[in-house]
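Take a look at the following structure, please.
The values are calculated or read from the model by the stated rules, or taken from the named source; none is laboratory data. Since this is a predicted model, take the numbers as computed values, not measurements. Virtual Cβ from ideal backbone geometry, glycine too; neighbours counted across all protein chains shown. Protein only, heavy atoms only, side chains kept; ligands, DNA and RNA dropped before computing areas. Shrake-Rupley method; radii C 1.70, N 1.55, O 1.52, S 1.80 Å.
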Amino acid sequence: MRLPDFKVEQWMNDYENDAIYNMTDTCVKALTLQELLNCEDFDFNELTLDYGQITGDIELKKEILSLYVSGTIDNITTAQGCLQANELVMNTLLEKGDEVICVVPGYQQFVDIPKSIGCKVRLIELDEYDWQVGVKKFRGVLNSSTKMIILNNPSNPTGTEYSNDFLNALIEICKPYGTYILCDEVYRGLNQEVSISDIYENGISTSSLSKIFSLAGLRLGWIKANAYVIHQINVRRDYSMISTGPLVDKLGWIALKHKDELILRAKNIISTNKNIVHEWLKENPRFECVLPDGGTVCFLKYYFDLKSETFAKLLLAEKGVFFVPGSCFDKEYYFRLGLAQDSKLFKAGLDELSNFVDEHLISC
């Protein structure tokens with residue numbers, strides 16, 4: 001089956017470069033190479049640029065493992081970003097005829113890759129008032145053919161963070177069927193969120209350095225799962241990549257050695273921006289959102305009779321303010337609001353959004 005256009009990524013590709021105020025980026029303000037190199041005194045002159053260790057540098061794997069509470073380095077393999085990590089998991093474990101449960105609004109990859117394999121995909125909607133969901137909805141569709149449940153924790157675009165009680169209850173209904181729970185945890189780390197791979201034998205965690213570690217350009221991601229699953233993925237992985245390479249692995253090792261500093265940096269930026277949003281919403285009652293405890297994004301709802309794609313295009317053309325419209329997530333009258341960019345530009349972008357509303361939409 002041909003994959004459809006990836007709506008979020010296509011929108012970013014087409015319009016992001018025109019932005020003055022990027023209000024929709026999911027990554028914490030990017031580090032420069034020099035800022036990363038300043039974290040650790042390491043001489044790269046003698047680094048041999050061969051393939052390196054195929055499934056990831058051992059010292060890097062140890063640092064990745066420090067993000068979790070269980071496992072060994074045999075439970076880790078690397079990928080070129082979380083996007084590829086997710087794809088490797090799905091293409092390795094899913095077969096035509098399997099059933100998959102996904103949550104919406106969510107990331108299109110989780111729905112369309114299983115469909116392309118020939119899986120039957122069942123969709124569960126988050127409750128709009130708080131972007132949460134009860135286990136009862138999963139229990140109603142889970143059966144012996146359900147091969148995998150796919151979650152994003154915290155979520156893109158809603159910022160949903162699943163509680164430990166929810167995850168434990170979900171695990172209990174999955175156990176009788178041996179159902180895998182794939183959890184994209186690329187936004188995890190800002191709020192002591194539990195990892196699915198630490199609490200469930202068939203839990204599979206994916207992540208990367210892109211979001212909270214501010215290093216999307218390294219394209220370094222990973223998968224943590226039980227040893228059998230990691231072996232199967234490594235067999236499949238040989239067909240799509242050889243390694244992430246010693247240069248990327250060493251830079252990733254430096255970043256994770258200093259994870260506490262990078263996480264604190266991310267928390268400070270996001271906390272400042274949440275406060276800005278909180279105050280801005282008081283002055284702009286035609287907008288509302290559920291500000292998340294963790295993650296880097298939320299879903300900004302507006303109360304104007306204007307479709308999100310049209311609104312986003314007009315806003316970008318006139319004010320240079322860039323949003324991903326809710327239509328990219330099949331949810332109208334929303335924008336994805338990123339909370340992790342430069343705070344001065346972030347505030348200025350929200351002010352320009354207010355100006356646009358005052359000039360064009362206040363009578364709507």
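Skip the ligands, DNA and RNA, and give the accessible area per residue of the stretch 123-223 with a 1.4 Å probe, whole Å².
So the stretch 123-223 comes to 35 Å² accessible per residue, rounded to a whole number.
Dipole magnitude of the stretch 311-357 about its Cα centre, charges +1 at Lys/Arg Cβ and -1 at Asp/Glu Cβ only, in debye to the nearest 20?
Computed charge dipole of the stretch 311-357: roughly 60 debye.
Test of the criteria: in the stretch 221-250, which chymotrypsin sites (Phe, Trp or Tyr not before Pro) are in a DSSP loop and have at most 11 other Cβ atoms within 10 angstrom of their Cβ?
Answer in residue order: TYR239.
Rg to Rh ratio, the stretch 286-364, alpha-carbon atoms and Kirkwood radius?
0.94
Using the Cα centre as the reference, give the magnitude of the dipole from point charges on the C-beta atoms of the stretch 1-149 (Lys, Arg: +1; Asp, Glu: -1; all else neutral), rounded to the nearest 20 debye.
Computed about the Cα centre, the dipole is about 1180 debye.
Also, I was wondering about something else. Treating the beta-carbon of each Lys and Arg as +1 and of each Asp and Glu as -1, no other charges, what is the dipole magnitude of the chain about its Cα centre, to the nearest 20 debye?
780
Work from the charge dipole of the chain (Cβ charges, +1 for Lys and Arg, -1 for Asp and Glu, about the Cα centre) and give the residue of ILE113, THR179, PHE356 farthest towards its positive end.
With unit charges placed on the Cβ atoms, the residue in question is THR179.
How about LYS62: which lysines have a C-alpha closer than 23 Å to its C-alpha, ignoring those fewer than 8 places off in the same chain?
LYS211, LYS224, LYS250, LYS257, LYS259
Given the DSSP H assignment, sum -39500 (n - 2.57) over each helix run of at least 4 residues in the chain and divide by its residue total; what's the result at 222 nm in deg cm²/dmol, nearest 500? The partial results should precede the final answer.
On the way: 13 runs with 141 residues, N = 364.
Result for the chain, helices only: -11500 deg cm²/dmol.
Just by accessible area at a 1.4 angstrom probe, what is the order of CYS39, CYS82 from largest to smallest? Numbers along the way, then the final one.
Values: CYS39 35, CYS82 10 Å².
Correct descending sequence by accessible area is CYS39, CYS82.
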